[in-house]
Amino acid sequence: MVSALPPLADYAARLGDDSLVLGQRLGEWCGHAPAIEVDLSLSNVALDLIGQATHFLGLAGAIEGAGRDADKLAFHRDVMDFSNCLLVEQPNGDFAQTIARQFLFSHYQALLFEQMAQVKDERFAAIAAKALKEVNYHATLASDWVVRLGDGTDESKARMIAGLDWMWRFTDELFAMDDVDAAAIAAGAGVDKAALRADWDARVDAVLAEATLARPAARRAIVGGRVGRHSEHLGHLLSEMQFLQRAYPGASW
Amino acid sequence: MTKEIRRILESVPDPEIPAVSVVDLGIVREVSADRVVITPTYTGCPATHTIEQSIRAALDAHGFADVAIETALAPPWSTDWISDAGREKLRAYGIAPPPKGAGASALKNAQAAECPRCGSMHTEEVSRFGSTPCKALWRCKACAEPFDRFKCH
């Protein structure tokens, strides 16, 4: 079932779901990263993303006006009502695969928020302007690692290539536009994502060149996340993330 | 009355870095007779709720239960809002304060930090992310001690 949220609330939920799902994914690294500094970095990025999700999902609930807050939307929707892009729900794989996902997503999110910080709707603009400063850190962190792994040993390079290869199929969806995007733009809240593509290509290509990596070959894009058609990975992620609130609804600290 | 409220807020410590107050950090944006406006440092900072609760408790304890606390996201918090007194307290606490006016431009070319222990500029970044969202891990090559640096933001 496609989310029954009104278009502008759906737009906010898409933004929130992207951040929430990626934040939860990164949280899986906590205590398992290759080094303490990396553990701290990924946990910090996860926290930033969950903070963004709290704001965007809170906004989605406020626009919907049916009394659902950020927690209600995060913990009490089923997998087909999530509207995150497929990229963020992809499994962590090894460290290089996680970095590939972060690299591709953070550069997209930075470009998106740069534009969204300028929109007329102050609620969206304020969250984007706030988050942008943090996302720039994420993009820098991921880019540094792409270079370090790509221009590293034979082993690290092979892993970086494999990681980018896994994630590349899900990048077209980031820039896809539909009726919800059009409605959000008409309402003064949305961004023309298709127009971000050229800048994203340039930023990604510059880092790949520095990392001595070739751009992955173009291939058939896999889409569907925005309308609730997800990979099998999201359900497992949600079952872990939502367990406590499903078993003990309304439980709090 | 506004002066009195501000004085109370100056005694509310940041839960993560108790050496500085919420006023020193620039979290308090506006104080009037009926409301206090605060802003989060980082969107995901786990201390945000604790800060609001601490401010609520301090206001209530001093008879200002009717003063509302509001949160504003815009304009986004910047380390430029940390007061000079706050910067000195951070340094004394062992955290290198952020340079003023650094903002996001400092991201790519992190300026050298002064070691808060020995004052040497012979330092290097170990990790851009540290024990809390607002800090990075640095190390001093002169006295060999690791230290936290408040991230430019």
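A short reminder: the numbers here are calculations on the coordinates, not readings from a lab. Remember, predicted model here, so these are calculated numbers, not experimental data. A quick note on method: Cβ atoms are made from the backbone with ideal geometry, for glycine too, and the neighbour counts reach across all protein chains shown.
Modelled this way, with points 7 Å down the Cα-to-C-beta line, the labels at B:His62 and A:Asn92 are 4.5 nm from one another. Loop-located trypsin sites (Lys or Arg not before Pro) in the range A:189-253 (DSSP state other than H, G, I, E, B) with a sparse environment of at most 16 neighbouring Cβ atoms within 10 Å: A:Arg219, A:Arg220, A:Arg229.
In what order do A:Val223, B:Val31, A:Val45 fall by count of nearby beta-carbon atoms within 10 Å, going from fewest to most?
So the ranking, lowest neighbour count to highest, is A:Val223, B:Val31, A:Val45.
For chain A, the direction-averaged projected area of the alpha-carbon convex hull comes to 13.2 nm². When shorter helices are ignored and each DSSP H run of at least 4 residues is given -39500 (n - 2.57), the per-residue value for chain A at 222 nm works out to -21500 deg cm²/dmol. Annotation: amide H-H contacts under 5 Å for B:Val126 (H modelled 1.01 Å from N, sequence separation of 5 or more, or interchain): B:Leu137, B:Trp138, B:Arg139. Close amide H pairs (under 5 Å, H built 1.01 Å from N) link B:Ser21 with B:Asp14, residues at least 5 positions away or on another chain. Our coupling estimate for the range A:61-69, obtained by passing each phi through the Karplus curve with A = 6.51, B = -1.76, C = 1.60 and θ = phi - 60°, is x, 5, 5, 4, x, 10, x, 8, 9 Hz, Gly and Pro reported as x. Taking the number of Cβ atoms within 10 Å of each Cβ as an exposure proxy, the fewest-first ranking of B:Ile95, A:Ile161 is A:Ile161, B:Ile95.
Each residue of the range A:178-183 is assigned a 3J(HN,Hα), and the resulting list reads 9, 4, 5, 5, 4, 5 Hz, derived from the Karplus form 6.51 cos²θ - 1.76 cosθ + 1.60 (θ = phi - 60°), x at Gly and Pro. Summing charges over all other residues whose Cβ lies under 12 Å from the Cβ of A:Ala187, with Lys and Arg as +1 and Asp and Glu as -1, gives -1. Put in line by how crowded their Cβ is, counting other Cβ atoms within 10 Å and starting with the fewest, B:Leu137, A:Leu112, A:Leu73 read B:Leu137, A:Leu112, A:Leu73.
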